[in-house]
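Let me begin by presenting the structure, written as structure tokens, before commenting on it.
Bear in mind that the values in this text are calculations on the coordinates, not laboratory data. Keep in mind that what you see is a predicted model, and the values were worked out from it rather than measured. In this analysis, Cβ positions are derived from the backbone assuming ideal geometry, glycine residues included, and neighbour counts consider all displayed protein chains.
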Amino acid sequence: MANSAVEIGIAHAPHEVPTSFELGKLGMWVFLAGETMVFGGLMGVFILEGISHGGWGSDGAHVNWRLGAINTFILFTSSLTAALAQGAARVQDSPRAKRYLSATALLGVLFLVIKAFEYAGDFRDGFTPLAALFWSFYYVMTGLHVLHLLAGIVVIFGLMFMVTPRTPAGWLERKLKYVCLYWYFVEVVWVFLFALVYLAPTAG
Amino acid sequence: MILSWLPQDVSTFGPSIDSVLKLIIYVVGTAFVLAEGTLLAFVILYRRREGGRAAFVPGESLRQLAWVLIPVVIVAFLDVAIDVRAKPVWDLVKEQSPTPALTVKLEALQFGWEFTYPGPDGKFGTPNDLVQTTFLTVPAGQVIRLLMTSKDVIHSFYVPQLRLRQDIIPGREIPAWFEVTQPGKYEIACSQLCGNSHFAMKGILRVLTPEEYQQWVSQHWPKSGAGAGKSASSARSSASGTKG
Amino acid sequence: MAETKPQSAPSTDAHEKMGFWRQYIFSVDHKVIGKQYLFLGLFMGYVGVFLSYVFRWQLAWPGTAVPIWGKVTAPQYYELVTMHGTIMVFFVAMPVLLGAFGNFLIPLMVGARDMAFPRLNMASFWTILVGSVLLLISFFVPGGASHAGWTNYVPLSDASKYLPGNYWGGNLWLIALAIDFASVLMGGINFLTTAIAMRAPGMTIWRMPLFVWQELVASVLFMLSVGPLIAGVVMLLFDRMVGTGFFLPEKGADPLLWQHLFWFFGHPEVYVVAMPGLGIVQEILPVFARKSIFGYRMIVWAVIVAGILSFTVWAHHMFVSGMNPVLAEPFSATTIAISIPFAVMLFAMIATLWRGQITFSTPMLFALGALANFLLGGVTGIPLGTNASDIYLHDTYFVIAHFHNTLVPTAVIAGFGGIYYWFPKMFGRMMNETLGKLHFVFTWVGFNMVFVPLFLIGLGGGQRRIYMSSVYTFYKPLQPLHVIATIGLLVIIVGQIPFLLNFFLSMFRGAKAPANPWHANTLEWATDSPPPHENFHTIPTVVRGPYEYSVPGMEQDWAPQAAAVDAGAAQG
Ligand code: HEM
Ligand SMILES: [Cu+2]
Ligand SMILES: [Cu+2]
């Protein structure tokens, strides 16, 4: 079924009118605007609840900010390799782009592995989602982020799989324009989460 | 007239609310009738006629737009007028709290009302508090203050004849006040969906003349104050009494 | 000249070879997807009407057995009301106005071959279909569908101890809603991208039909308002299924938080419904009055201003909720201010009729009926938006009558008008006028017979969501009004028979529709009825605005937006 849909999609006459917009990128921006409101809403609620409770107190002090910081660094690096992949795709160097992309995706996987250890540690110490309101927020916010990251990893692996020597030049470049945009967004969300969930409660 | 559908109005602030409502209904009703009248007139006047041709009025010049913008400015002006008229009424009902002659604690629960009177000592949380379910008995002509909490979900205290409505939220104490002008029995309704028997969450507001009320107090209230030697006949509770 | 003659066989007629399944079921063609949405919306709409029939019967004749249903119990009553509201707003109004008309019309109106992302478009339909099915399934799970009201206030909706047995119904409600939101978000990405980036040559933004403008603003409003509620829905699901306490006061949470999230979305949401509905009316009025819309640019600006303001008014639903009463004042002011852009739009629509040449075809009747009732819905918002009078009117049938007078004219009456107007384009055949007019009279008269009495019940103090009004003596004098309202609903229901006959018979038996049966200007009429798979044989070049009717000096009283394709008939 998926395959046939792809065929039909391609069967459509290409849009004849040249526009200055790239559809994929524009669509991604629109999508990310909606996503921003989801994460923004969640963080806003978290901040407001924090204020109305006079800070998160001892609950927040137990987050593992060291692992969080390592993960922040990992995501930074992954965005860097994503940008490098984009650069390589721009000069139509698909093999190099693929190498950078695999680095990006693998760094994403590394993030998830570390995150899994972090969750396991939290659980071991009794900080389950039911432990306190802070921890409920922690799991929902970071969990939603993990899902987004997972989706990004799947898409990047899919892209690498789809690029063959016969792929027309420019195809990967076009795709990466919005796939990387998504990846950067997921990274920025993490930076905000890191500041809100790891730094602010432990500092206070 | 549609306003005759309003129920009896027996609170001191009720007439103010009704007057805001009336003002709005007159203003907005006039605007509505004019707009619908214009619409109807155009529809009748400008039916298709054989060989006729419509005018070309794109409404792009300011001169043409004035036909719409001037009525809009009038609407805007009326809007402000309504807001200005409504503000003091909202203030009166929801933001001010006149010194009460009687403070009663109300606890709403699925699906009923519990009223706690401070008892002769005027303090809550003492053994001589009086708890009544369903019936809220108060004197006419005196300011009553309610301190409302909920045991479970959100409820809403609503008495149509008082023109008073206030949601009650679990985990918080929400104040409300009223003063009734006419003795009688009025229904208290819950006005926030609170479960399968929400529709039956009825209470009774029993408003007595001050004399009858004194009688009710002497018959029903616990006789002696456990704490201070305040007179048992006094239903007054000072504002500080509410902190018990 | 408006008929675009097929030029040459399009090079990409791969679809000719497509089987039934790919062409009609798993289609990526925006026109087919639009029709799929329309069928879904109509089906769910009649489910919603059926639910209202059952509870309205109970309201008029409490405790009697409802024909086809039987006696209504109190939990059933709340289930019916909740599902009626949920279905009507999220699974009727949005699929019809955004899904059906938005999908079908946006690419045609801006002169594109399809949506920007056809497969995403298909996914959006199948997503909402799954949501609809889940919601309908929830009627049959133990404990029935959600009883918590379409607003789903916490903590009532949070812990199943407050609504005994309603565990799965409540969960499925949340899941169906999340799926619905995801679907509309996908649709919105397509709408915005298509209208921004795929317009035909010459289709500047100031030549876009008002319907497209309103769909765009509606999509933006939805995108920017739904996010926090999606977060809230996820949190509430965690509360119910995992046991967290995001909204439970005993765990230190604030129950008003949900109301803020819900209404921050909820108010823009009613504009998400209202704007495309008004857009339909604004397409129909000029065509059947043979007049330019009055103040095109002014209307566009009014729509944008109303859209922006719609983010600043949400707490007018919460004046008496227990939030800080001081906040009621700014929210009252913004709410009343929002009447200004709407007054601009409505007055402009009335002014459009001035010195027109009005024909009362079925689409026009529905458009005029929608306009007349939207005015009533608009003015009755003022006493509710004014904090002082809302103390009394909040949560009464006055509110019900008010918002039905905004939602029904846009989603239902304008929606029907749109069906009659674009049916020739959608199905290539004309609908029957007599049946159409019959449908209009029954629907419109019935609708007013339902909701005018409800205003009076509200003024009389009658609260909404009351299963058995005989509990209260103050309700006694209001009861006859409930009877009138229910008879009105029966009138509406009878009026649907001519529609359904007309709709399905015309689809197969109706007279063949010409390309431009109404002599309208916008681009969708510049191609065949129904349009070919790729919409236009050649992409039209747009030479003028959408509403140039009866321009002086022109022979015809309409001037299509598309430049004539045949050199011989060239005119623009
Ligand atoms: C056939 C036409 C309709 C009739 C007769 C009707 C009737 C009603 C009535 C009487 C109620 C109030 C029930 C109560 O409070 O006890 C109600 C609630 C509601 N209706 Fe309708 N309605 C109709 C169409 C619509 C449409 C088209 C929409 C939206 C697009 C809609 C949205 C709602 C909503 C959101 C509620 C509130 C549900 C709740 O209280 O949780 N209705 N309807
Ligand atoms: Cu209640
Ligand atoms: Cu609103």
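Assuming 0.36 nm per residue, please report the length gained on full extension of the stretch B:Leu3 to B:Leu62 beyond their Cα-Cα distance. Walk me through the numbers before you get to the answer.
Working: separation 59, 0.36 × 59 = 21.24 nm, distance 3.99 nm.
Taking 0.36 nm per residue and subtracting the Cα distance, the gain is 17.3 nm.
Considering amide H positions built from the backbone, and no H for Pro or chain starts, which residues 5 or more places from B:Ile188, or on another chain, come under 5 Å of its amide H?
B:Gly203, B:Ile204, B:Leu205
For helix B:14-45, what angle does its Cα long axis make with the longest principal axis of chain B, in degrees from 0 to 90 and rounded to 10?
20
In which sequence would A:Ile47, C:Ile189 go, from the one with the fewest C-beta neighbours within 10 Å to the one with the most? Before the final figure, lay out each step's value.
Details: A:Ile47 12, C:Ile189 26.
In order of increasing Cβ crowding within 10 Å: A:Ile47, C:Ile189.
How are the Cα pair distances of the protein assembly as shown distributed, in percent, across 20 Å bins from 0?
12, 40, 34, 12, 2, 0
Can you name the helices of chain A, as whole DSSP H runs, whose Cα span along the helix axis is 24 Å or more and whose Kyte-Doolittle mean is not below 0.0? Let's see the in-between values first.
Values: long enough: A:23-52 (43 Å, 1.35); A:65-90 (37 Å, 0.74); A:94-124 (44 Å, 0.44); A:133-162 (44 Å, 1.82); A:171-193 (33 Å, 0.80).
Those that pass (Cα extent of 24 Å or more, hydropathy at least 0.0) are A:23-52, A:65-90, A:94-124, A:133-162, A:171-193.
How high is the relative contact order of the range A:110-204? Use alpha-carbon pairs under 8 Å, at least six apart in sequence, and give a whole percent.
It rounds to 26 percent for the range A:110-204.
Sort out for me the Cα centre separation of the range B:170-228 from the range C:37-92, rounded to whole Å.
Here the answer is 36 Å between Cα centres.
If you restrict to DSSP beta bridges whose two residues both lie in chain B, what percentage is antiparallel, to the nearest 5?
On the way: 29 of 42 bridges.
Bridges in chain B that DSSP calls antiparallel: roughly 70 percent.
Other chains near B:71-78: what is the mean number of their Cβ atoms within 10 Å of each residue's Cβ?
Values: counts 6, 12, 2, 1, 10, 5, 0, 3.
That works out to 5 on average.
Once R0 is set to 45 Å, what does the formula 1/(1 + (r/R0)^6) return for the Cβ-Cβ distance between C:Ile487 and A:Met162, expressed as a FRET efficiency to the nearest 0.05?
Working: r = 62 Å, r/R0 = 1.38.
E(calc), rounded to 0.05, equals 0.15.
List the relative contact order of chain A as a percent without decimals, with contacts defined as Cα pairs under 8 Å and 6+ residues apart.
Numbers: 159 pairs, mean separation 69.6, N = 204.
Worked out over chain A, it gives 34 percent.
According to a simple spin-label model (label point 7 Å from Cα along Cα-to-Cβ), what is the distance in nm between A:Leu150 and A:Arg96?
Distance between the two pseudo-spin positions: 3.5 nm.
If each DSSP helix of 4+ residues adds -39,500 (n - 2.57) and the sum is divided by the residues in chain B, what number results at 222 nm, nearest 500 deg cm²/dmol? Display every interim value, and only then the final one.
Numbers: 3 runs with 72 residues, N = 244.
The helix-only estimate for chain B comes to -10500 deg cm²/dmol at 222 nm.
Once the Cβ-Cβ distance between C:Ile497 and C:Thr538 is put in as r, and R0 is 35 Å, what FRET efficiency do you end up with, to the nearest 0.05? Intermediate values should be presented prior to the final figure.
On the way: r = 43 Å, r/R0 = 1.23.
FRET efficiency, C:Ile497 to C:Thr538: 0.25.
Pull up the DSSP beta bridges for the protein assembly as shown and report the antiparallel fraction as a percent, rounded to 5. Mind showing how you got there, number by number?
Values: 34 of 48 bridges.
The answer is about 70 percent antiparallel.
Could the peptides C:41-49, C:505-513 be put in order, highest first, of the mean number of other beta-carbon atoms found within 10 Å of their residues? Walk me through the numbers before you get to the answer.
Values: C:41-49: 19.8, C:505-513: 14.0.
In decreasing order of mean packing, C:41-49, C:505-513 become C:41-49, C:505-513.
Using only DSSP helix segments of four residues or longer, with each worth -39500 (n - 2.57), what per-residue ellipticity at 222 nm results for chain C after dividing by its residue count and rounding to 500?
Numbers: 17 runs with 323 residues, N = 572.
Using -39500 (n - 2.57) per qualifying helix, the result is -19500 deg cm²/dmol.
Over 31 Å between Cα atoms: which of B:Lys22/C:Lys476; B:Lys151/B:Lys223; B:Lys223/C:Lys161; B:Lys151/B:Lys185; C:Lys291/C:Lys437 fall into that group? If you can, show how the numbers build up before the last one.
Details: B:Lys22/C:Lys476 23 Å; B:Lys151/B:Lys223 29 Å; B:Lys223/C:Lys161 40 Å; B:Lys151/B:Lys185 26 Å; C:Lys291/C:Lys437 23 Å.
With Cα atoms farther than 31 Å apart: B:Lys223/C:Lys161.
Give me the inter-chain shielding for C:338-348: mean count of other chain Cβ atoms within 10 Å, whole number please. Present the calculation step by step, with values, prior to reporting the outcome.
On the way: counts 1, 8, 5, 1, 2, 11, 6, 2, 6, 9, 6.
Average neighbour count from other chains, rounded to a whole number: 5.
Could you sort the peptides C:275-281, C:532-538 by per-residue average Cβ neighbour count (10 Å cutoff), highest mean leading?
Answer by packing, highest mean first, reads C:275-281, C:532-538.
Tell me, how many Å apart are the Cα centres for the range A:58-118 and for the range C:242-321?
Centre-to-centre (Cα) distance: 39 Å.
Rounded to the nearest 0.05, what FRET efficiency do C:Phe140 and C:Gln479 have when you use their Cβ-Cβ distance and R0 = 22 Å? All intermediate terms of the calculation are to be shown ahead of the outcome.
Details: r = 33 Å, r/R0 = 1.51.
Taking R0 as 22 Å, the efficiency between C:Phe140 and C:Gln479 is 0.10.
Anyone know which of B:Gly141, B:Gly184, B:Gly203 comes out most mobile in the 10 Å Cα GNM of chain B?
Result: B:Gly184 has the largest fluctuation of those listed.
What is the percent of Cα-Cα separations in the range C:27-570 that go past 45 Å?
On the way: 18511 of 147696 pairs.
Roughly 13 percent, rounded to a whole number.
Report the gain in length on full extension from B:Ala55 to B:Ser218: 0.36 nm times residue separation, minus Cα-Cα distance, nm rounded to one decimal. Don't skip to the end; give the middle numbers.
Details: separation 163, 0.36 × 163 = 58.68 nm, distance 8.14 nm.
Extending this stretch completely gives an extra 50.5 nm.
What are the extents of the Cα atoms of the range C:238-298 along their three principal axes, listed from largest to smallest and rounded to whole Å?
63, 23, 12
Just counting partner chain Cβ atoms within 10 Å, what average do the residues of peptide C:107-115 show around their Cβ?
Working: counts 0, 0, 0, 0, 1, 3, 6, 4, 2.
Other-chain Cβ atoms within 10 Å of each residue's Cβ, averaged: 2.
Please list, ordered by chain and number, the residues whose modelled amide H lies under 5 Å from the amide H of C:Trp558; skip anything fewer than 5 residues away on the same chain.
Counting only residues 5 or more places away or on other chains, the set is C:Ser550.
By Kyte-Doolittle mean hydropathy of at least -0.5 and Cα axial length of at least 30 Å, which whole DSSP H helices of chain C are selected? Spell out each step's value before the answer.
Details: long enough: C:30-60 (43 Å, 0.82); C:167-197 (45 Å, 1.30); C:210-241 (44 Å, 1.69); C:256-289 (48 Å, 1.06); C:433-459 (39 Å, 1.37); C:479-509 (45 Å, 1.58).
Helices meeting the span and hydropathy rule in chain C are C:30-60, C:167-197, C:210-241, C:256-289, C:433-459, C:479-509.
Note down the relative contact order for the range C:27-570 as a percent, whole number, built from C-alpha pairs under 8 angstrom at least six residues apart.
Normalised by residue count, the contact order of the range C:27-570 is 16 percent.
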